[in-house]
Amino acid sequence: MQVALTAMFAALYAVGVVFLGPISFQVFQVRVADALLPLAMVFGWPAIIGLSLGAFVANVFGGLGPVDMIGGALANFIATFLAWHIVSRKGKRWSPIGIGVEILVVTLVVGTYLSFLLAIPLLLSWFGLLLGSMTAIGILGSILLYALSRRHIVSFLDSHSPRHEAMGSVQK
């Protein structure tokens with residue numbers, strides 16, 4: 001189940017970025033697939049790894065080469081790991097802080113290397129990434145996180161996990 005969930009996150013992210021390519025690359029971008037990043041606070045490692053791999057694969061199609069492929073994957077890994085770590089230690093009411101950290105990490109990491117790759121001023125690069133990240137992660141990601149964090153959704157997902165099925169078969 002963990003490998004399948006990781007693969008699902010990677011595929012959703014990569015397909016989302018490539019399918020929406022015209023708005024997913026360059027400095028002023030709205031990477032709609034970044035709305036998946038806050039889900040790392042619910043799904044943990046499968047989302048962290050999957051969204052990082054998805055960024056690597058998606059950036060193969062971006063045309064900016066290895067720096068973008070590795071940098072984007074690293075940005076997603078750091079952003080999702082930190083958000084998950086905050087919420088797992090402090091509780092889900094800290095989710096807005098986790099989302100803010102994701103926005104900040106993606107903006108600073110990706111904005112910094114895009115400034116170098118595209119030969120544009122650093123502040124302009126950060127500004128472009130900040131606008132897109134606030135839209136994708138802050139607004140769309142918050143809505144998605146809230147929708148999937150509803151008690152009945154989490155209960156449904158948990159009831160279909162291998163851990164639950166193994167426990168259920170022992171109790172019968």
Q. Restricting attention to segment 150-170, does a residue exist that is in contact with a Phe, Trp or Tyr (Cβ under 9 Å, 6 or more places away or on another chain), at pLDDT below 95 and within 25 Å of residue 8 (Cα to Cα)?
A. yes
Q. Pick from segment 51-105 the residues that are farther than 26 Å from residue 21 by Cα and hydroxyl-bearing (Ser, Thr, Tyr): which of them is farthest from the chain's Cα centre (by Cα)?
A. 88
Q | Among the candidates 111, 100, residue that is closer than 30 Å to residue 66 by Cβ, in a helix (DSSP H, G or I) and in contact with a Phe, Trp or Tyr (Cβ under 7 Å, 6 or more places away or on another chain) | A | 111
(Q) Can you find a residue that is in contact (Cβ under 8 Å) with a residue 24 or more places away in the chain, within 26 Å of residue 121 (Cβ to Cβ) and aliphatic (A, V, I, L, M) anywhere in segment 44-53? (A) no
Q: Return yes or no: is residue 125 crowded, with 19+ Cβ neighbours inside 10 Å, modelled with pLDDT of 95 or more, closer than 21 Å to residue 36 by Cα and among the polar types (S, T, N, Q)?
A: no
Q) So which residues in segment 65-88 are over 18 Å from residue 46 (Cα atoms) and of a type outside the set (Gly, Ala, Ser)? A) 66, 67, 68, 69, 70
Q. Which number in (1) under 22 Å from the mean Cα position of the chain (by Cα); (2) surrounded by fewer than 19 Cβ atoms within 10 Å (Cβ to Cβ); (3) among the hydrophobic types (A, V, I, L, M, F, W, C); (4) at pLDDT 95 or above marks the one condition that residue 114 misses?
A. (2)
(Q) What are the pairs with Cβ atoms under 7 angstrom where one residue, in segment 20-34, is within 16 Å of residue 69 (Cα to Cα) and the other, located anywhere, is surrounded by 18 or more Cβ atoms within 10 Å (Cβ to Cβ) and of a type in the set (S, T, N, Q)? Sequence gap at least six, or different chains. (A) 27/125; 31/24; 34/133
Q. Where residues in segment 128-149 are modelled with pLDDT under 95 and among the hydroxyl-bearing types (Ser, Thr, Tyr), which of them is surrounded by the fewest Cβ atoms within 10 Å (Cβ to Cβ)?
A. 146
(Q) residue 127 - would you say it is closer than 19 Å to residue 63 by Cβ, assigned to a helix (DSSP H, G or I) and either of a type in the set (Phe, Trp, Tyr) or within 16 Å of the chain's Cα centre (by Cα) (or both)? (A) no
Q: Identify the residue in segment 54-64 that is hydrophobic (A, V, I, L, M, F, W, C) and in contact (Cβ under 8 Å) with a residue 12 or more places away in the chain and, among all such residues, is farthest from residue 14 (Cα to Cα).
A: 64
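The values are calculated or read from the model by the stated rules, or taken from the named source; none is laboratory data. The shown structure was predicted, so the numbers you read here are calculated from the model rather than taken from an experiment. For neighbour counting, all protein chains shown are included, and Cβ atoms are generated from backbone atoms with ideal geometry for every residue, glycine included.
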